[in-house]
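The values are calculated or read from the model by the stated rules, or taken from the named source; none is laboratory data. This is a predicted model, so every value here is computed, not measured. Virtual Cβ from ideal backbone geometry, glycine too; neighbours counted across all protein chains shown. Side chains included, ligands, DNA and RNA excluded: accessible areas come from the protein's heavy atoms. Shrake-Rupley method; radii C 1.70, N 1.55, O 1.52, S 1.80 Å.
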Amino acid sequence: MARVAGVSHQTVSRVLNAPLTVREPLRRRVQAVIQYLGYERNAQAMQLGRKRKR
């Protein structure tokens, strides 16, 4: 997804988790790629990541 949008994976993460930290034009571009690719978050994977941080 990051490669298609021409950004880093960190930028994609910021768009998904803290969208107000990313400038509007870049955020729109990444969101357009997310929609185009049909990306959906995996709730189970997110839970695993949260448990690892604790």
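Expressed in Å, the radius of gyration and Dmax of the Cα atoms of the chain are 12.0, 34.
Within the shell defined by Cβ-Cβ distances under 13 Å, the residues around Gln31 carry a net charge of +4, with Lys and Arg each +1 and Asp and Glu each -1. Electrostatic tally near Pro19: other residues with Cβ closer than 11 Å to its Cβ, Lys and Arg +1, Asp and Glu -1, net +3. Here region 1-52 is assigned +1 on the Cβ of each Lys and Arg and -1 on the Cβ of each Asp and Glu. Its dipole about the Cα centre then comes out at about 180 debye.
For the chain, averaging the sequence separation of C-alpha pairs within contact (under 8 Å, six or more residues apart) and dividing by the residue count gives a relative contact order of 30 percent. Computed over protein heavy atoms with a 1.4 Å probe, the carbon and sulfur contribution to the accessible area of the chain reaches 51%.
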